[in-house]
Structures are given as C-alpha cells and as structure tokens.
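The values are calculated or read from the model by the stated rules, or taken from the named source; none is laboratory data. These numbers come from a predicted model, not from an experiment. Ideal geometry is used to build each Cβ from the backbone, glycine not excepted, and the neighbour counts take in all protein chains shown. These area figures cover heavy atoms from the full protein model, side chains too; ligands, DNA and RNA do not enter into them. Shrake-Rupley method; radii C 1.70, N 1.55, O 1.52, S 1.80 Å.
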Amino acid sequence: MQYNQITAAGTIAPGPDPAGPTSKDIRNLIETALNSDDFSFSWSGQRHQPYEGILDTGASIIKLYIYAWRIGNGGRKKYPSEKRIQIRDGVDNIGFLRPITATNKTLLLGVYDSPSGTPIFAAWDATANADHTQKSCQVQVEELQAAITEGIHKCNDSRGNTIYTFMPNFLGNYIDLVSAGNVFVIPASTTGTLATKVKEATLPNKKKRTIKSVQKLLQQIQNLSSTEKEALVKQRIGQGLFKDLLKNKYHCKCALCGIQTEKMLIGSHIKRWKDSSDAEKLDENNGLLLCAHHDALFDKHLISFEDNGDLIVSTTLTASEQKELQIAAIPPILVSPGMKPYLAEHRSKLK
Ligand SMILES: [Zn+2]
C-alpha cells in the first residue's frame, strides 16, 4: 500500500515514503535555519535526544532542548494521509521535564523530506506530549502541504493539541513566539495571514538582532575609518532589513524619481546609523527608499528637505552641477510627523 505524499509539483498523490532526512540532515537543517535571518545558533549537545543548543534571538539567549525525528508514514492503512514521528522509549526526558519559559524552551519537531523541494517542519506541543513513552505524534500530509503555500500553518492532532507546520525560514520565528503550553503570543493588532502576523509579531526582535549583528560586524572591522564603516553599514542594512521596511512604505519605488529597478534601490538613513539610538536605527520614519543616484546626493548632504517636504539644495553645488545632476527634477516629498526630527538632524548637516 502506498501512502499519500507531497509530489515534486507540491500536490498530493500516493507514492513512496521519502527516504530521508537522516538525523544528521535534520540537525544540519535546524542549524542552517537558525543561523539565517540574523539569528545566531550553536549546538551545545547533539549526541542524543534531546539535542541541546543556544539561540540568540537578538532580544534574548534561549536554551533549547530539541527532540526531532523524520516524519514517516503512519503505518495505519485506514489513514493514507497520516504521517508521524515516533517518540522512542528511552529518550532522555530532561527537556520534557523542564518548564517552557522565555529563555528555556523544549521543541518537539518532525521533518518531512518533501519531494517538492524544501523540507517541511511540524512542531507539536512539547508540554502536552511530555508523557512520551513510545508515543507517536501524528500530522496529516495535507497539513504539511499547507505550509508550502502559507509559510506557517496551524492545525490540530487527533488529540486536539495544536500543531504548527512551517517552512524552515519560520523555525526561528516559531521558537521566538512559542511559550508555555504552546501558546503563541501574537499581538491583537497584527492582521493578515498567520505568516504575516508571525513576521509582524517577531519584527521587534528581528530589529534587535539585526542591530546586534551589525555591531558585531563593526567590531570585526575596528581598524577601518568611520567613513568605511558607515559604507559597510549602508551596504548591510540599506540592502537588508531597513530596505525591506522602506520598500513597503514607498511601494518599491525611489521616493524622488520613481525608479523601480530593485538593484538600484537603497534604504537610506536620514539620521546616520552611528548617530541613531537603537530604536532609531531601524525606524521607518528615519529612512527614504532612494535610487543610487538620489541616495548619493542625500547621503552626502548635498540635498535635504524642509518639514513641508520642499527640496533644499546645498550651496556647494554650482548651477551647472545642479543641471547635470538633474536637481530641478526632484519633487517635494511627503513628510510624516515621525520624520520631522530626523529631517531636522539631516538639514543641520547640509553642506
Ligand atoms: Zn531616484
């Protein structure tokens, strides 16, 4: 009998059980997933289950106890879509017996080696499964499939416990949000799909770890000049999270000329990174999405803007330079109240 599987096309059809992943594959996958998106993770024990590791979310250091197995067929012919992991008798229950807190978390994970490409995670409520002797945790293959399109998907097992299925790029966010009893703390103000809510709820921590990773980078390059450091920050942040935040605000167009070529666009700080507080460093009000040309003009303080949005041009630019640089074509900008303190700072540096 063949059980239902996710196909290479992402649909569901009867087929052979995926052979993998091996335990080593699973640990590598976890390690890779938790060292992306500015998360920082290292194993402190991976010889037996639960594996142990330390995750820095930017906001806190979390000690992780991770139980993780491959997801295979349920083995019950009545249920062709049933998949499961098997919590084996004799696994060290030290993780299960620890309370899940903000800085100590136990994860109960399965990994399905989907032929559609990326492996898919399922995470069960570790607390509810603490009575673990020879227990299997089920998940329907359709619920795993839903993660491909949704990113992260919520469902239930046959006991009514919550399961989240998700792609590897949600593992860090999942850990960030999971708390005692597998309750996700997602602010009521978040809207949209579960994936959007999760990303929004975890954004403050993402900002923190982005700042932390840039600080780490700056420490590594202590000998560079402050101009060179600022240029590196610009590259790292202006093309990273800060740009993403501003792309959203400016609909992926240069705020001054409307250029939409993604590679030409930069998240440009109004108040310099090194002069900004942590809260200001990744504040959307402290940025403009600009093309390379306009970013250079703005970054070098050759142009700035009044609180009403009107352009101010540096007196160091001659009439012919202004013509060459097409300064006259720059329109006024929309200035929200939150932008005004930053613009005042920028104007004070106008050449
Ligand atoms: Zn432009």
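Output the residue which, of all residues in the range 274-316 that are closer than 28 Å to residue 212 by Cβ and assigned to a strand (DSSP E or B), is farthest from the ligand (Cβ to nearest atom). It would help to see each step written out before you state the result.
Within the range 274-316, the subset closer than 28 Å to residue 212 by Cβ is 274-290, 292, 295, 298-299.
Adding the requirement that they be assigned to a strand (DSSP E or B) leaves 287-290.
Numbers: 287: 14, 288: 10, 289: 9, 290: 6 Å.
Selected residue: 287.
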| Residue in the range 314-338 that is nearest to residue 271 (Cα to Cα), counting only those that are hydrophobic (A, V, I, L, M, F, W, C) and open to solvent by 40 Å² or more (accessible area, probe 1.4 Å) | 334
| field | Matching residues, the range 256-309, being open to solvent by less than 30 Å² (accessible area, probe 1.4 Å), hydrophobic (A, V, I, L, M, F, W, C) and more than 19 Å from residue 235 (Cα to Cα) | value | 256, 303, 305
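So which residues in the range 317-335 are within 16 Å of the ligand (Cβ to nearest atom), touching a residue at least 24 places away in the same chain (Cβ under 8 Å) and not in a helix (DSSP H, G or I), if there are any at all?
325, 330, 331, 332, 333, 334
Just the residues that are in a helix (DSSP H, G or I), open to solvent by 30 Å² or more (accessible area, probe 1.4 Å) and out of contact with any strand residue (DSSP E or B) (no Cβ under 6 Å at 6 or more places or on another chain), please, taken from the range 339-351. Even if it seems obvious, please write down each step before you answer.
Residues of the range 339-351 in a helix (DSSP H, G or I): 339-347.
The next check asks that each one be open to solvent by 30 Å² or more (accessible area, probe 1.4 Å); those that pass are 340-341, 344-345, 347.
Within the range 339-351, 340, 341, 344, 345 qualify.
Among the candidates 17, 37, 25, which residue alone is touching a helix residue (DSSP H, G or I) at 6+ places or on another chain (Cβ under 8 Å) and outside any strand (DSSP E or B)?
Answer to the selection: 37.
Of all residues being of a type in the set (D, E, K, R) and out of contact with any Lys or Arg (no Cβ under 9 Å at 6 or more places or on another chain) in the range 18-36, which is least open to solvent (accessible area, probe 1.4 Å)? Just the residue, please. First the steps, then the outcome.
Initially, the range 18-36 is screened for residues of a type in the set (D, E, K, R), giving 24-25, 27, 31.
When the remaining residues are screened for being out of contact with any Lys or Arg (no Cβ under 9 Å at 6 or more places or on another chain), the result is 24, 27, 31.
Working: 24: 131, 27: 42, 31: 71 Å².
This residue is 27.
Do you know which residues across the range 1-14 are assigned to a loop (DSSP other than H, G, I, E, B) and open to solvent by 60 Å² or more (accessible area, probe 1.4 Å)?
Applying the first criterion (assigned to a loop (DSSP other than H, G, I, E, B)) to the range 1-14 yields 1-2, 7-11.
Within the range 1-14, 1, 2, 8, 9, 11 meet the criteria.
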| message | List pairs: first residue in the range 155-172 and modelled with pLDDT of 95 or more, second residue open to solvent by 20 Å² or more (accessible area, probe 1.4 Å) and aliphatic (A, V, I, L, M) anywhere in the structure, Cβ distance under 7 angstrom, at least six positions apart or on different chains. | response | 168/29
| said: Any residue in the range 287-302 that is within 17 Å of residue 318 (Cα to Cα) sitting within a Cβ distance under 7 Å of a residue that is within 8 Å of the ligand (Cβ to nearest atom) and outside any loop (DSSP other than H, G, I, E, B)? List the pairs, counting only those 6 or more apart or interchain. | reply: 298/290
